[in-house]
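One structure below.
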Amino acid sequence: MSEAVTRSVTTEPGLLASLDPLLREWVPRQRWFAGKGRPVTGFSPVAATELLPAGGKLGLHHLLVRAHQPLTLGAPPHPGDCYQLLIGVREALPPRLAPALIGHVTEGPLAGRTVYDALYDPRPSEVLLEALRTRARFGGLRFERDLDQEIRSGLVPRLVTAEQSNSSVVYGDTFILKLLRRIVPGVNPDLELPLALAREGSPRVPAPTAWMLADLADQTYVLGVLQPFIQGATDGWELALRELAKGEDFAAEARALGRATAEVHTALARALPTVTMGHTQMQLLVDGMVERLDAAAQAVPGLRPYAPGLHSAFEALADLAAEGRTWTAQRIHGDLHLGQCLRSPAGQWSLIDFEGEPSKPLAERRMPQPLVRDIAGMLRSFDYAAHSADPPAPDWAQTCRAAYCSGYAEACGRDPRTDPVLLRAYETDKAIYEVVYEARHRPDWLPVPLSAVRRLAASD
C-alpha cells in the first residue's frame, strides 16, 4: 500500500497580479473558456500551489482563479467562473512548446521568465501522475487513488489535442487523465457515477484509477480523474461518419450501443436511488421546456413558425401527467451522444464523460431524470451524423434509431418507443437547444436541427 506524501507549499505573493495581463489575453482564446463574447476584466485567486519550484530550470504552478466579466443585461450577480490552470515556467520555450505559450512576464516573482500551458510539456504531466500514484498532498491539493489498481511510474505522457471542453493527457496508452477546467465545488458526476458503476461491476465504463481534489474553505472541488485508456478505441461519432462515407450500414453498431446504454442505466438504478415523478414534478419539467422554447424563439427567428407545433409536444406531456401518469427518474449520463461513446477493437462499447452539460449547475446535473433524456440525445446524434453526409442520409438515421431502441429493449426489457409522448418532448427540447447553439456558434449547421424541428412540430 502506498502512503500519502504530504508536502507543505508556499506561493510567492504577487504571482497572479503579474500573470493577470497575460491571462486576460490567453484564457478567452481557449476552447474550454465558458464566457465567450464578453471581455475578462481581471482574475482573483481561489488557490495557488507551487508543484515545482519556479527558481529551477522548470517551474510548475497550479492555480484556481476566478475570471471576472461584465454581466449581461438583466443577469443576476455572479462571482465569476473558477478555472483550473497549470502554469509552466521556463527561461525560454523550446520550439516544440510554441503552441503552449501564454506570454513573457515583465514584473513580479516570475519577471523575465516565460509562462505556458504546462500540459503540453511531458515533465509537468509526469509530476501529476506521480502525485496520483503516491497519493500526495500539496497544501489544499489532494491526490487519491484506488489501491487495487496499479499505477506504474515512467509512463510517457502526451496531451490530447482534439477540441474538448476540458483537457486530457494520455499516459503510455495505459491511462487517460481528464483535467476539469471550469471548477465548481461539490460532488462531480464525472467521478461520482463511474465510481458507483465500478462498485456495481459494470464493464461499460472505465473504473476510476485515481482522482485529484482541492479542499478549500470547507468545500471540496473535483479537479481531475484518471481512468484506464482504451487503446485503439474509436470515437462513436468518427466511426459513424466513416461508415456513412463508405455507404455502410450502422444498424448493428447502433443496436450494440443501445444495449450498452441500457446496461449502464440498469447499473445506475441499482447503485443510486430512483424517484417517481408525478404531476407536480412533471409540470415543473414541462415548464422548463416551454421556457427554453420561448427564449429560443425570441433568439432565433427561423424557429418561430414552428413554435406552436413544438409547444404541442410539451402540452401533450403535461396532459398525460395531469391524468395521473407517473414516470421513474434516476441518475443518467446527462449528455449522451455518439462522441461520448468508445468502441474497442474487440467491438465492446463504453460510455465516457459523465460530467453532464457543464453549463448547467452541479445540483441540476446530479438530479434524477427520466432515462429518455439520454436516449433522445443519442437519437439526435444519429440525425446529426446523417445530415453531415453529402447528400444527407435521413433513412440511415431512421435505421439507426430503430436499431438503437431495439438494442436498448433487448438489454432491459423497456423499449423507449413505447413512451412516444415523453420521447418526443425530450427530442424536441434537445433540438431547440441545438438550434440556439448552432445559430450562435455554427450558423452553417443550423439546417440540421431545423430539419428535426420541422419533423417534431408536425408529429402527432
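Couple of notes before you dig in:
- Full-stretch length increase - residue 315, residue 173 - with 0.36 nm per residue and alpha-carbon distance subtracted: 46.2 nm
- Test item: Cα-centred dipole of the chain, Lys/Arg +1 and Asp/Glu -1 on Cβ, debye: 620 debye
- In this simple spin-label model, placing a label point 7 Å from the Cα along the Cα-to-Cβ direction at both residue 31 and residue 287 gives a separation of 3.8 nm.
- DSSP assigns beta bridges within the chain; of those with both partners inside it, close to 95 percent run antiparallel.
- Spatial offset of segment 69-128 relative to segment 388-431 amounts to 43 Å, using the alpha carbon center of each.
- Tensor-based shape of segment 47-194 (alpha-carbon gyration tensor, a/c under 1.5 rounded, otherwise prolate or oblate): oblate
- On a per residue basis, the chain carries 45 Å² of accessible surface, using protein heavy atoms and a 1.4 Å probe.
- Between residue 359 and residue 98, residue separation times 0.36 nm minus the direct Cα-Cα distance comes to 90.9 nm.
- For segment 47-89, the relative contact order comes to 39 percent (Cα pairs under 8 Å, sequence separation of at least 6).
- Spacing of the two label points (7 Å from each Cα toward its C-beta) at residue 442 and residue 220, in nm: 3.6 nm
- Compared with the dominant Cα axis of the chain, that is its longest principal axis, helix 420-441 is turned about 50°.
- Listed by chain and number, the aspartates and glutamates whose C-alpha is less than 15 Å from the C-alpha of residue 36, apart from same-chain residues fewer than 8 away, are 25, 81, 438.
- Relative contact order [Cα under 8 Å, 6+ residues apart], segment 95-247, whole percent: 18 percent
- Cα gyration tensor shape of segment 192-311, rounded if a/c is under 1.5, else prolate or oblate by comparing a/b with b/c: oblate
- Rounded if a/c under 1.5, otherwise prolate or oblate - segment 331-460, Cα gyration tensor axes: rounded
- Spatially proximal aspartates and glutamates relative to residue 57 (Cα-Cα < 19 Å; intrachain offsets below 8 disregarded): 12, 91, 107, 117, 121, 126
- Placing +1 on the Cβ of every Lys and Arg and -1 on the Cβ of every Asp and Glu, with nothing else charged, gives segment 171-225 a dipole about its Cα centre of roughly 180 debye.
- Centroid-to-centroid, using Cα positions, segment 433-447 and segment 191-227 are 33 Å apart.
- Inter-label distance for residue 130 and residue 270, nm, one decimal - labels placed 7 Å from Cα along Cα-to-Cβ: 4.1 nm
- Average Cα contact separation per residue, segment 178-294, under 8 Å, 6 or more apart, as relative contact order %: 26 percent
- Computing Cα extents along the principal axes in Å for the structure here picks out one of (1) 89, 69, 56; (2) 69, 51, 46; (3) 63, 49, 49, namely (2).
The values are calculated or read from the model by the stated rules, or taken from the named source; none is laboratory data. Everything quoted here is computed from the prediction, not taken from an experiment. Please note: Cβ atoms are built from the backbone with ideal geometry, for glycine as well, and neighbour counts cover all protein chains shown. The protein model used for the area step is the full one, side chains on, heavy atoms only, and it has no ligands, DNA or RNA in it. Shrake-Rupley method; radii C 1.70, N 1.55, O 1.52, S 1.80 Å.
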